[in-house]
Every structure is written in structure tokens, then in C-alpha cells.
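Input: a single structure, listed below in C-alpha cells.
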Amino acid sequence: MLRYLAKRFLLILPTIFVPLIMVFLLLRLAPGDPAGMMLGDQATADQLAALRAELGLDQPLPVQFLLWLKGIFTLDLGNSIFFREPVMEVIPRYAGVTILLTLVALTLAIVIGVVMGVISALNRNNPVDRGVVTSAVLGISLPEFWFALLLIFLFSVTLRWFPVSGWTPPSAGLIAFGASIFLPALALGIRQSALMTRMMRSSMLDVMDEPYITTARAQGLPERKVIGSYAMRTASIPVLTVAGLAAGYMLGGAVAIEIVFALPGLGRMLVEAVARRDYPLVEGGVLTISLVLAVLNLVIDLLYAVLDPRIRYQ
Amino acid sequence: MTAADTQAEAREAIRAPRAPSFLQRFVRNPTAVLSFALLVAFALMAIFAPLIAPGDPMRVNPVVRFTPPGAEYFFGTDNLGRDVFRIVVHGSRTTLLVGLVVTVISMGLATILGLLSGFYRAVDVILMRFVDGLMAFPGIVLATAAAGFLGPAISTVIISLTIVLISPSLRVVRGQVLVVREAQMIEAARATGVPTGRIFRRYILPAVMSPILVQASFIFSAAVLGEAALSFIGVGIGPTDISWGNALTEARNYISQAPWIVIFPGLALMLTILALNLLGDSLRDLLDPRLARRR
Amino acid sequence: MSPLDMTAAPGAGTETKVVLEAENLGVALPIDGKYVPITTDVSFSVRRGEAVALVGESGCGKSMTASAIMGLPPRGAKVTGRLRINGRDVLDLSPKRRRALCGSEIGFIFQEPMTALHPTLRIGRQMTDTLCHNLGLSRSAAMTRAAELLDLVGIPRPKDILKGYVHQLSGGMRQRVMIALALSCDPSLVIADEPTTALDVTIQAQVLDLMEKMRREFDVAMLFITHDLEVVGDFCDRAVVMYAGDVVETATAAEVTRAPHHPYTRGLIDAVPGTGLERLVPIGGSVPQIGAWPEGCRFAPRCSRATEKCAIRPPLEGAPMPDVRCWHPLTEERT
């Protein structure tokens, strides 16, 4: 079990480091002087030199890389230029919102995907099925941020069921939290739920033809149990395998969603840091998103092994 | 049997799956025709934008601000009195241009790298680790960071989306190459001394064409969505350029007063993405029946 | 003479209860919007404690007949004729009441236990689900009963096996679990669809012996679907031979394997190594396509004895010989 975990973790390492290396190289190889861009036109030569030294930009590239790696492993990500405090202290203020948003959206997407996929498969080729398949195609083509605006227009502006925007943490009460996160999570999850619906439908159609489903029926189990317990258990495994990928897309989509709903999350922080040329914070944000993704993938892997005993911990 | 015979046979065998009746089958597939027609319509709209909606789309006319859709302004006007119809028509140019360029560059690079990766083990190991890392990571975040360093411009959007979208295509091409290279005709061609370059051009490339074509539709769709998202969050094309994503950035502040500013650019965006996705789906069904999902 | 009045198999009294009775059972499947018959006029019966083989080549409709008896035919299938289980007409039952017969009155043993047992549910869960639902046992009582059943079919350490999954078992063990599952709710009929085909030859004999033992212990009627005439001769009392969706001959297992009357059965035997002739004689021609059966005798195009009369379809009863659907049955003994 521990060895399995270690091996999964090794496989996840590229997920963490490749994006970071890309960002590292982009920053160093982009035209112009990062220090100059960060400080703006009024900066004095002394200020520039000081910032270059702080960022290690006066060192040769390989040395910079090693320093940067050391910073990651010692969890010293430097200081945010805008906030004038360590990146490690700024990030946690924003990470929670994004993580919660992604988790709720992922849950919504899986639940919607599994339920719709099963309904569709059980109604194979009749109007219900066609309706679900058509909506899934539409859903996959729906830009999240536009859908978010439509949701706001319909549910917040017209019907006034939910707040237009803003963040209520879970500590302020679950109902208020739920009301503030439902629309953002729905907007963020809709495309993935459509993809999962398609996947669940075809996987369910495959599973319903499996001999063990016939066995369950031949044992006299009622159809409700055959579908709900025997068929769905195996049919949802492929949906789980894409959950990691879906979580990745969602962390990306969260950038736009956080802006639309004015949520104080990592995505919005990142865009603002980019606008303020706060590069240490940008790197810190990318690293955090990588780590969140890595942990989520690890959890999904473990769930996968629990759901499918054929997977060995090797 | 001579080398030429083997070669001719191998070529025949590789090309066989690409049935000659592809065009006929395409025409008989309503989804394919409809989505293709929709794309052609959007392309024509982009090309003839100045004729369809003459005038400067950025022209401000505060007197008529927030005019609802009607006979004079089909899609209404925005907070500065700009014609939303004109913005939608002209915005298609950026969207399709970015989509097309990103698709061509990323598919081209993915094909070259995929062929190399499928054939040379050493390249494969390094490239695939890299691709694994990029695949899972949200492209928008990476593109946001890149746009931050490179500054908002069309070129920035193209570069960052290309970097992000190479990975999935590279995987598709590599997977197909790995399947094809094991095929007997390739081994026969190699055994009879056909040079590697020729094997690539004559045998492998035609065999990977179908998946590349299918993948290109989906990449195009992802690029269109990506451009819109980047522009929407303000790290895409410059603020003075027109695109559907850009149009939505400001529009979102006026959704309660003038929902049409939000609805029409988004609808155009969704229809474009929908057409590309449907085209990709039907191409896959037509080109590779094994991959076709059950209907 | 109806199939019910057949000479009883050795060891079973004539007055023994008839468990399964099929009369002109037919299954039709919708293909391109039209119903195409897969089987027609399948008539036979099985009594308590008796093992009856349903024999034929693949595609003859024997598995379709089995699924129709289970009440689990493919989607959209139309089942006609009469089917009585323990004297009750079951074709008119509601789907729910029909399902209730499964497990409790009819047990089913599949060909491929690897795919017929759930891949991600524990063996114990699958067995107790069945026991709880059909017999109303509590989960723990069902677990105890499941362990007893596994012990009965010769599985060592049954408690450990109950905690395991199907992929952890060997082929023979899997089929033993399948047998235990089929017998778990004490059914009066067990249908076994090619239960040994997927197994190694050495395991085949063990599993067949086990089924024989279980048949006696549980005193069940057993319907054996097979293409293997050796199995028919060794383990069955009677045999029902099917060809192209039809029953062509019904007789005792000994008769069918040693002195068949239908030319098709003869052909089957001649095509099996080690039986009948020294030299293998394949049957000429091939099984007609479903939906493209000849008008008269369906075997006539491949039959050396066919005459003009064979353009008329021979009945199972009323042709020259009872229980043989042939105008020109074989009468001489050949060994």
C-alpha cells in the first residue's frame, strides 16, 4: 500500500514540475527585464538591482534554476511584490476558496453525469435518451463563463434565488455557503458533467450487456437493485478515471468563474498578480494549483483502487 | 515478390481504411453536413465582415446606449452605444483566426513530435513525461501566466494556446504511430530496405491522417474556447481588439440592464464550438467506426 | 404420444413431478423492424431429479431457449407457445412475478464464470444478496448459509473465499461458486449453459461430477445445454436434439448417443472423435442462416436421405417414428 502510494506519487511529479519549469523559463526568457517590468518606470537603478538580487536574476540561468528548486523544497517562495509579505502567507488566504469550489463542482459534475448517463442508457434510443444526448453535446460546447453569466441573469437577477456574487465561507453557516457556491460550482461543472454523462451512458450500455448482470437477474434480484447496485458499481469506474482530468480543467475554469462571481480564489489572485507583474506570487499560484491537482489525483487513484479490487497496489 | 510489389501492397493496405467513399458518406451524414455548413457560414461571416456589418465596430454612440435588439440594431447596443451585431460579426475574425492558427501550428508540431516519439524510444520517454505533466495541468492557468509575461496580444494568445494544446494531440498521434509501426506492411517495407524518411511519408503519415483530422476539430474547438476565456479574463488579446470573449468582459457588468450584450456574443461562441465538436464527432464516426460511440 | 409420456429415465419413476414443460416454445427477435424467428416449436419436458440435455451446434437456438425459460431473453424478443414451471404457466406473468421465479425456482449456471460473477463485488456479497432477497434471510444468516453452500460444492476455507473476488479464484473454483450460487435458494430446476466449455479438460470432469452429485443431493431437475455428446452420454438421462431452431429428436441419452434416429443426430455423432465410426465424417453443407430456413424439413438440404417428401415439414409427433422430426428416420443399429 505504501509502495503503491510512493509509486503513484512519483508518477504525479511531472504534473507538479513541468508547469513550474514552463513558468520559470517563460519568466526568464521573455523579452525585457522582469525586474524593470515589476517595478515600473519610476524605479531607481538601486531598486532594480536590489530586486534582481532578491529574485536571483543576476545569477546565470542554471544557478537560478537550482536556487528556485531549493526555494520550492524549503517552501520559501519569496515575497509578493504587491503584498510585501511572503508568498507562503498570501496563498493560503486564496487557496481554500478555489479548492472548495473545485471539489463542489467535481461532485456536482460526477453526480449529474452518473445520474443522466444512467437515465439515458436505460432509455436507450427513445426520446428521453435523445434529449439527454443532445443536451450533453450542447453542454460540452458551453463556455463556462458565459453559462455563469446566464445563470446569474436567470437565478440571481430575475428569480433572485441566489446572491449575484460574493463569497460566504462554510464557517458562516452551511446554507449561506451553499447558496454562494451553488451557481459558481454548477457553471464550473457543467461541461465536465456533460462529458461524464456521455461516458457514463456508453459505459452503462456496455455493462448492461455483461454476463454478470444477467447472473444478477437470474438470481432473482429486482431490476432496481441490478441497476443501482450491480451495474452502476462497475459502470461508474471509467467516470472516476477521468475525474482527475476533469479536476484539472476545473482548476483552470475556476479563473474565469471566480472573476464572474467575485470569489476571492487562487484564479482571480493569479490574474491580478499577472496584471501587477507580481511574479513570485504568480509562481507560487502555479505551484499551489499543481499541488492541489497532485493531491486530488492521488485521492482519486486511491478511490479507484477501492472501487475496483482488480487494481492491485503494486 | 519484389520490393515494389510489397510496397504497392502495403500502401494499398494502409490506405484501405480510408475508404474512397468518405466524401459520399460525409454528405449522407446530416450532423456532419450541418456542422460543416455552420462553420462555413461563420468563415464567410469573418471574411465578409465589413460587407455584412459595415462601419467601425468600436464606434461609440452614447445616445443610443442600451438599445434593445430591434430593426435598427439587430442585437441591440451596449453600454457605450456600440452595435452588438457589428461586434459579433467582426469578432468572428479574431476568434477564427486564432483558432485556425493555433490548430495548424499545434497539430503540425504534434504530428512531427508524435511521429518522432512513436519511432524513437529515447525521444518518447522524455516527451511523454513532459506531456503527462502538461496534460493534467489546467491550460488556462499556464496561458494566463504566459500572457502575463508576454503581454496581452494576439500573438501571446496564439503562443500560449499552442503550448497548451500540443500535448493532447501529441498523445493521439503517438498512439496511432505505435499501432501502425507494428503493422506487417511497415515491417515488410523496412525489411525490403525502404528508407526511413520514405516510410514516414508513404506509410505512417497517411495512416495517422484520420485521427489527426478528428483531433484537429477538437483542438480548433478548444482554441476558440481558450481564446475567448483568456480574453474574457483580460489576459488575452489587447483591450482594443474585438473578440467575443473581450465583448463579454465588459458586458457582464450590465447583465441586469441589457442581457443582450451578454447573450449574443456568447451564443455565437457556443455555436462555433458546437459546430466544431459535432464535426469532430461525426468525423470520428465516419473515419474510425471502431471508435464510434453507440448511438 | 406427447413428450410427457416419454419413457422415464433410469432411476426416476414415471409418476415423478414434471418441473419444466415447454410446448411449441418460440422466440423471435426484432431485426430491422421485423420479427425473425430464432426458435420455433420447441417442445420438451424435464422432471424432478432428471438431467436432460439440450444438444445442438452453435446457432441452433439452444441458448435462446434457455434464456426464454429463464425469462431473460434479449431486449425486444417475442416469446410464443407455452411454458410451464412446476405446473404454472409463466409466459403471462408480470415481469416482476416472472423475476421472482429466478433464483428461487430456477437456478442458472453460466458458461464463463469469470464474466458471469461480478468483478468488483465480493463473492459473499453476491451470494448473500441472493439469499437475503429470495429467502428473506438476515445478512449474517445468509453468510452462514453461503459458507455451508461453498463447503458443499467442495471449496476449501469457504469463509475466506466469501471475502474474496472472482479474479482471485481458479477457473474450477469459479464454476463451483457459480454452482453454489445457482443452488443457493433450493430451486427445483437448474439450467446449465455449457458449464464446462470454458474449463480445462481435467477440471471439466470434476465439475461434471460435482453437478451430478448436487443433482442427487438437491433432487433438482437439470437442463444441460451442451454441444458435447460425450457429456450427454455420461451425465444425462435424456437428450433433446435441436437443429435450426427446432427440436428434431427427443430420446434417452443412450439412444441419442448410440442409436439415433434422426439423420442430423447421426451426423453429429459421426463428427465427434471417438464415437461411432472410426473415421470422422463432417456433416456436409452448413447450418442455414436464421430467417432463411428451408420451407420443409430444415435439415433436408444437408441430408443424404432427403426425398421429395422432405419439402413438407415433418412434425415431431406423427412422422414415422415418435419424437423424431423426420420422414425417413434411421432404424438400423450402428455401432
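Within region C:75-103, can you find the residues that are surrounded by 17 or more Cβ atoms within 10 Å (Cβ to Cβ) and assigned to a loop (DSSP other than H, G, I, E, B)? Hits for region C:75-103 are C:86, C:90, C:103.
So, in region A:123-148, exactly how many residues are out of contact with any helix residue (DSSP H, G or I) (no Cβ under 8 Å at 6 or more places or on another chain) and of a type outside the set (D, E, K, R)? First the steps, then the outcome.
Going through region A:123-148, the residues out of contact with any helix residue (DSSP H, G or I) (no Cβ under 8 Å at 6 or more places or on another chain) turn out to be A:125-127, A:130-131, A:134.
Narrowing the set further to residues that are of a type outside the set (D, E, K, R) leaves A:125-127, A:131, A:134.
Going through region A:123-148 one residue at a time, the tally reaches 5.
Take the residues in region C:78-110 that are of a type in the set (A, V, I, L, M) and touching a Pro at 6+ places or on another chain (Cβ under 8 Å), then tell me which one is nearest to residue C:225 (Cα to Cα). Break it down stepwise before answering.
Step one: of region C:78-110, the residues of a type in the set (A, V, I, L, M) are C:79, C:83, C:85, C:90-91, C:93, C:100-101, C:106, C:109.
Next, from what is left, pick out any that are touching a Pro at 6+ places or on another chain (Cβ under 8 Å): C:79, C:106, C:109.
Working: C:79: 19, C:106: 15, C:109: 10 Å.
In this case the residue turns out to be C:109.
Return yes when residue B:99 is within 14 Å of chain A (Cβ to nearest Cβ), at pLDDT 90 or above and within 18 Å of the chain's Cα centre (by Cα) and no when it is not. Outline the logic, then answer.
Details: within 14 Å of chain A (Cβ to nearest Cβ): yes; at pLDDT 90 or above: yes; within 18 Å of the chain's Cα centre (by Cα): yes.
The answer is yes for residue B:99.
Within region C:140-156, residues that are over 22 Å from residue C:172 (Cβ atoms) sit with their Cβ atoms under 6 Å from residues that are buried (at least 19 other Cβ atoms within 10 Å of the Cβ) and among the polar types (S, T, N, Q), at 6+ positions apart or across chains, in these pairs: C:142/C:128; C:143/C:128. Residue count for region B:111-166 satisfying the condition of being over 24 Å from residue A:289 (Cβ atoms) and away from chain A (no Cβ under 13 Å): 15.
Hey, can you tell me all the residues within region C:216-232 that are touching a residue at least 40 places away in the same chain (Cβ under 8 Å) and either assigned to a helix (DSSP H, G or I) or under 22 Å from residue C:59 (Cα atoms) (or both)? Break it down stepwise before answering.
Pass one, region C:216-232, residues touching a residue at least 40 places away in the same chain (Cβ under 8 Å): C:216-217, C:219-227, C:229-232.
Scanning region C:216-232 gives C:216, C:217, C:222, C:223, C:224, C:225, C:226, C:227, C:229, C:230, C:231, C:232.
Cβ contacts < 6 Å: first residue within 22 Å of residue B:276 (Cα to Cα) and more than 8 Å from chain B (Cβ to nearest Cβ), restricted to region A:120-148; second residue among the acidic types (Asp, Glu) and not in a helix (DSSP H, G or I), any location; separation 6+ or different chain. Result? So the pair list comes out empty. Of the residues examined, residue B:169 is one that is surrounded by 18 or more Cβ atoms within 10 Å (Cβ to Cβ) and away from chain A (no Cβ under 12 Å).
Scan region B:118-134 for residues that are within 22 Å of the chain's Cα centre (by Cα) and assigned to a loop (DSSP other than H, G, I, E, B) and the total you get is 0.
Inside region C:104-139, residues that are farther than 21 Å from residue A:207 by Cα and assigned to a loop (DSSP other than H, G, I, E, B) make up a count of 5. Counting only helices (runs of 4 or more DSSP H) wholly contained in region A:1-80, the ones carrying 3 or more residues that are within 14 Å of chain B (Cβ to nearest Cβ) occupy A:2-29, A:34-39. All conditions in (1) more than 23 Å from residue B:274 (Cβ to Cβ); (2) among the aliphatic types (A, V, I, L, M); (3) not in a loop (DSSP other than H, G, I, E, B) hold for residue A:109, with the sole exception of (1).
The values are calculated or read from the model by the stated rules, or taken from the named source; none is laboratory data. Fair warning: this is a prediction, and the values are worked out from it, not measured in the lab. Please note: Cβ atoms are built from the backbone with ideal geometry, for glycine as well, and neighbour counts cover all protein chains shown.
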